[in-house]
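Below is one structure, written out as structure tokens; the observations come after it.
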Amino acid sequence: MINNAIPLRIAGVGYSVPKAVVTNEDLTKLYDTSDEWIYTRTGIKERRMVSGDESAFELGVDAAKNALAKSDIKADDIELIIVATSAPSQLYPAMGCRIQAELGIPNNIPAFDITAACTGLIYALSIARGFIASGMYKNILIVATDNNSKLLDWSDRSCSILFGDGAGAMVVTASEDGVDDIISIDIKSDGSIGNIIEFNLAGKNCPLVEPNTEKPQFITMNGKEVYRFVARVLPEYVEQLVANAGMKNEDIDYLIPHQANLRIIQAVQERLGYSEDKVITNIERFGNTSAASIPLALVESVEQGKVKLGSTAILTGFGAGMTWGGAIVRLREGIC
Ligand code: COA
């Protein structure tokens, strides 16, 4: 951290999910699969999917309104918008710019999108921390939103079973009481294995140069390789994150991980020696909602009384890139 860094306060967290629920049983109408196969390998029973006017944008706006309402910051006072999205409803204008317009946030602020897939929320939080620490911006809106269901190949049964749609949002601000809600934060990437989850914008070459070059555009994933990589890297990484913060595993109240696969979450849980009540999962009902998954798990678990505020939590995510990251955060009363 820079000298005289300004501490950060998490002021509000919100989420939004689409209305339509698609169960494992529903997926059997698309291909040869079963609830038992999906549930035992992933922990997923159902997920939400956008329909009608719903999209990553619309969910993002809703989550942002939700986070702002819980915070003590007004939309007019937001000085920067960062949107983490890898399955946006539109590549440009950036979702950040569209959300700015929709929320009526003054037009003299910057807004941009970042692509860090399912680690997007941690990446955005790390960027926001830098801007706040340096004094460049005070009030920042982070939105993490993905409509994965529109980018999936609905004949690929090993990939399309995993994902759902959703959005999360966080309002962060310069802390005025000297307490930093980010006890520690770290982000990583390894582009050399980027091909294990991809979404290619293949496009279409100019017909004068090469006719008929359009290719289908879907998320492709080598599930086994992703699983192997994450199961190898993540448990040790999270343990190290705690040690690097000068803390012990038992100093932290909750682990709120990216919801990609219950078996991966359990591997991290075992490494940290945590009991089940310390580990937050809602993958059963939402599947993998990419960047939205951590804030969605956080707020939903507070609503359900599983997470008590006035506590500390490890947030950790991983995804395409490959990217991964983690933050140890203070969860103040009233943030969600
Ligand atoms: N229903 C039934 N059978 C299926 C199936 C489905 N939905 N999907 C794949 N299969 C079959 C395959 O055809 C294959 O059959 P075969 O052995 O006769 O060829 C068999 O099951 C094994 O397929 P495989 O793709 O190797 O399955 P897996 O055991 O690796 O499980 C995942 C697939 C996706 C559940 C698992 O790899 C995984 O969770 N990976 C991590 C992915 C992840 O977290 N991605 C997000 C990162 S942010």
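Just so you know, all these numbers are worked out from the coordinates, no wet-lab data involved. Predicted model only: the values in this text are computed from it and were never measured. Every residue, glycine as well, gets a Cβ built from its backbone with ideal geometry; the counts of neighbours run over all protein chains shown.
If you average the C-alpha positions of the stretch 197-269 and of the stretch 1-42 separately, how far apart do those two centres end up, in angstrom? For the stretch 197-269 versus the stretch 1-42, the Cα centre distance is 13 Å.
Looking at the stretch 56-106, the trypsin sites (Lys or Arg not before Pro) that sit in a DSSP loop and have at most 11 other Cβ atoms within 10 Å of their own Cβ are LYS74. Think of each Lys and Arg Cβ as +1 and each Asp and Glu Cβ as -1; about the Cα centre, that makes the dipole of the stretch 118-266 roughly 480 debye. Determine the shape class of the stretch 50-96: with a ≥ b ≥ c the square roots of the Cα gyration tensor eigenvalues, call it rounded for a/c under 1.5, and otherwise prolate if a/b is greater than b/c, oblate otherwise. Taking the square roots of the gyration eigenvalues as a ≥ b ≥ c, the stretch 50-96 is oblate.
Between amide H atoms placed 1.01 Å from N, distances below 5 Å from ILE114 occur with VAL83, ALA84, THR85, all of them 5 or more places distant or on a separate chain.
Under a 5 Å amide H cut-off, with hydrogens placed 1.01 Å from N, TYR137 pairs with ILE132 among residues at least 5 apart or on other chains. Toward the positive end of the charge dipole of the stretch 99-159, with +1 on the Cβ of Lys and Arg and -1 on the Cβ of Asp and Glu, the farthest Cα among ALA101, SER155, ALA128 is that of ALA128. How large is log10 of I(q)/I(0) for the stretch 137-201 at q = 0.22 Å⁻¹ when the intensity is taken from the Debye formula with one equal scatterer per alpha-carbon? The calculated log intensity ratios at q = 0.22 Å⁻¹ are -1.08. Over all distinct Cα-Cα pairs of the stretch 90-213, the Kirkwood formula returns a hydrodynamic radius of 17.7 Å.
Taken about its Cα centre, the chain carries a charge dipole of about 240 debye when Lys and Arg each add +1 at the Cβ and Asp and Glu each add -1 at the Cβ. Across the stretch 1-44, Cα-Cα pairs more than 13 Å apart make up 72 percent of the total.
In order along the stretch 24-38, the Karplus-derived 3J(HN,Hα) couplings, from 6.51 cos²θ - 1.76 cosθ + 1.60 at θ = phi - 60°, round to 4, 4, 4, 5, 5, 6, 8, 7, 6, 8, 8, 4, 4, 4, 5 Hz, and Gly and Pro are given as x. A dipole drawn for the stretch 184-314 from +1 and -1 charges on Cβ atoms has a positive end, and of ALA313, VAL209, SER290 the residue lying farthest that way is VAL209.
Summed over all non-identical Cα pairs, the Kirkwood treatment of the chain gives a radius of 20.0 Å. Return the subset of LYS150/LYS224; LYS45/LYS188; LYS70/LYS306 for which the Cα-Cα distance in this structure is over 21 Å, preserving the input order. In this structure, LYS150/LYS224; LYS45/LYS188 lie more than 21 Å apart at Cα. Computed about its Cα centre, the charge dipole of the stretch 188-336 is approximately 100 debye, with only Lys, Arg, Asp and Glu carrying charge at their Cβ.
The string of couplings for the stretch 147-155 from the Karplus curve (6.51, -1.76, 1.60, θ = phi - 60°) is 10, 4, 4, 7, 10, 8, 8, 6, 10 Hz, one whole number per residue in order, with x for Gly and Pro.
For the stretch 7-17, putting each phi into the Karplus relation 6.51 cos²θ - 1.76 cosθ + 1.60 with θ = phi - 60° gives couplings of x, 10, 10, 7, 9, x, 9, x, 8, 8, 10 Hz, in residue order, rounded to whole numbers and with x for Gly and Pro.
Here the chain is scanned for GluC sites (Glu not before Pro) in DSSP loops (not H, G, I, E, B) that have at most 16 other Cβ atoms within 10 Å, and the longest stretch holding none of them is 1-175. For the stretch 271-336, the calculated P(r), taken from all Cα-Cα distances in 5 Å bins from zero up to the bin holding the longest distance, is 4, 14, 27, 27, 20, 7, 2 percent.
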